[in-house]
Amino acid sequence: MDRPVTYVVAGAGQRGFGYGEWIAAYPERARVLAVAEPRTLQREAFARRHDIPPERAFASWQELAAAPRMADAAIVTTQDSDHVGPAITLADNGYHLMVEKPLAPTEDECVELVRAVTDAGVLFAVCHVLRYRPYSKLLKGLLDDGRIGEVISVQHLEPVGHWHYAHSYVRGNWRRSDTASFMLLAKSGHDIDWLRHIVGRPIERVSSFGSLTHFRRSQQPRGAADRCVDCAVEPDCAYSAPRLYLGRLREGRTGWPVNVITDDVSESGVRAALRDGPYGRCVYACDNDVVDHQVVAMEFGGGVTATFTMTAFTPHADRRTQVFGTGGYLDGTGKQVTVHDFLTGETSVHEVASAGQDAAAGHGGGDAGLLDAFTTAVATGDASHILSGPAESLESHRAVFAAERARLTGTVQPVGPA
Ligand SMILES: NC(=O)c1ccc[n+]([C@@H]2O[C@H](COP(=O)([O-])OP(=O)(O)OC[C@H]3O[C@@H](n4cnc5c(N)ncnc54)[C@H](O)[C@@H]3O)[C@@H](O)[C@H]2O)c1
């Protein structure tokens, strides 16, 4: 293809806007020609950013899909429960597809989406962006080179971070499994998918434990109010909303998560959101139900095992992975990978090239890596650039659903159809 790859974006929220920034930074490689977004402010801002004329700025993905195909590919960044409709319809219209994770809130819908997109014969990438991080490439490269021999087992930690957990999973959009997804699907689907990627074998059986222990009414401190702005014990609360959002604002940081709680990121706008909006609620007085800690034990093909821990009760830090092999041990911190060789006794440290300040540098360069790979795949028609294609993505979603079934039923579950 000797012209830029053209995109339409369905859902110009946080993710759609972010992917758009990468595209805007590489106009010789990609352009956005149309947007579908119901919120006027976001739609108009996105349209201005990409010089999209009003006739190609749609109020919904349904309107976009009803129009003739107007670009090579579509990016679906609507909310979790609204991926199946636009993905299937836009694939039927002939758009190559990049779809946010999780594909859908139920296993059946994930299967339906992947089948329909595969039948449509379009290129398809799930936004499992961790696969595309330079760090992942480094770590997987060391494993594939046999630097620790055969991989026998893995221990992986997802430290969500206390304020991030409170923002997204207590007060925010992903706090309830009925309106978004259960925690493992909403957040840790990345990690289960990533473990499948680095181990390079299918996950066959899982078990899991976890619960919502802390962020519930019974844990509310004596004397606390249901809103931080009215609360006498707010100064002593680790989960204070004013400390998080006004603190960021005072440092001049108006991006995520401040711009999630209000479109008006002035001090008065943020104060109004804390007074009236969902993000000003006491973390012990919300309508949240997703778990605040969970472990998953996995058995892969060939008897490889892995344990995974997701917990809210950490600083906001990078994931940590330890891989145990027949010839060595690997410890990854997200920034560097340390390898200890059992035969020589030597320890080598491998640094990850900085993800830099590139547009869509989110997720340690994973967002940019995904767009780079997908744009190349569309430009060349070569699906091998996509690391998160249909079959493996469905498989890792299935492992997540199996783990949640295991947690809820206290059983060991095979991965596959329920
Ligand atoms: N890959 C990742 O690491 C990652 C990170 C965060 C979120 N996500 C996922 O990305 C998706 C979007 O998350 P977000 O944070 O951008 O949410 P968001 O709410 O900021 O964006 C979703 C947008 O879709 C719009 N929308 C609603 N109905 C629509 C319709 N009918 N047509 C077109 N647009 C419509 C909303 O108005 C909103 O602007 C979710 O599925 C989320 O779980 C993935």
Quiz item: Can you tell me how many residues in the stretch 121-139 are open to solvent by less than 40 Å² (accessible area, probe 1.4 Å) and more than 18 Å from the chain's Cα centre (by Cα)?
Solution: 3
Self-check item: Residue that is farthest from Thr78 (Cα to Cα) [pool: residues in the stretch 101-110 that are of a type outside the set (Asp, Glu) and open to solvent by 20 Å² or more (accessible area, probe 1.4 Å)]
Solution: Thr106
Quiz item: Of the conditions (1) aromatic (Phe, Trp, Tyr); (2) under 19 Å from the mean Cα position of the chain (by Cα); (3) away from the ligand (no atom under 13 Å from the Cβ), Phe17 fails just one. Which one is it?
Solution: (3)
Quiz item: Would the stretch 63-82 turn up any residue that is within 14 Å of the ligand (Cβ to nearest atom), touching a Gly at 6+ places or on another chain (Cβ under 6 Å) and assigned to a loop (DSSP other than H, G, I, E, B)?
Solution: yes
Quiz item: Only one of Ala34, Ala10 is in contact with a Ser or Thr (Cβ under 7 Å, 6 or more places away or on another chain), within 23 Å of Gly85 (Cα to Cα), open to solvent by less than 40 Å² (accessible area, probe 1.4 Å) and of a type in the set (A, V, I, L, M, F, W, C); which?
Solution: Ala10
Quiz prompt | Selection count where residues are within 17 Å of the chain's Cα centre (by Cα) and open to solvent by less than 40 Å² (accessible area, probe 1.4 Å), scope the stretch 374-393 | solution = 5
Exercise. Could you look through the stretch 394-412, keep only residues that are under 22 Å from Arg115 (Cβ atoms) and open to solvent by 10 Å² or more (accessible area, probe 1.4 Å), and pick out the one that is farthest from the chain's Cα centre (by Cα)?
Key: Arg405
Self-check item: Search result, residues across the stretch 83-99 that are open to solvent by less than 10 Å² (accessible area, probe 1.4 Å) and either among the acidic types (Asp, Glu) or assigned to a strand (DSSP E or B) (or both)
Solution: Leu97, Met98, Val99
Practice problem: Name the residue, out of Glu158, Glu204, that is under 18 Å from His316 (Cα atoms) and assigned to a strand (DSSP E or B). | Solution: Glu158
Quiz item: Looking at Arg39, is it basic (Lys, Arg), near the ligand (Cβ under 8 Å from one of its atoms) and modelled with pLDDT of 95 or more?
Solution: yes
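The values are calculated or read from the model by the stated rules, or taken from the named source; none is laboratory data. Quick caveat, the model's predicted, so the values are computed rather than measured. Please note: Cβ atoms are built from the backbone with ideal geometry, for glycine as well, and neighbour counts cover all protein chains shown. Just the protein is used for accessible areas: all its heavy atoms, side chains included, with ligands, DNA and RNA removed. Shrake-Rupley method; radii C 1.70, N 1.55, O 1.52, S 1.80 Å.
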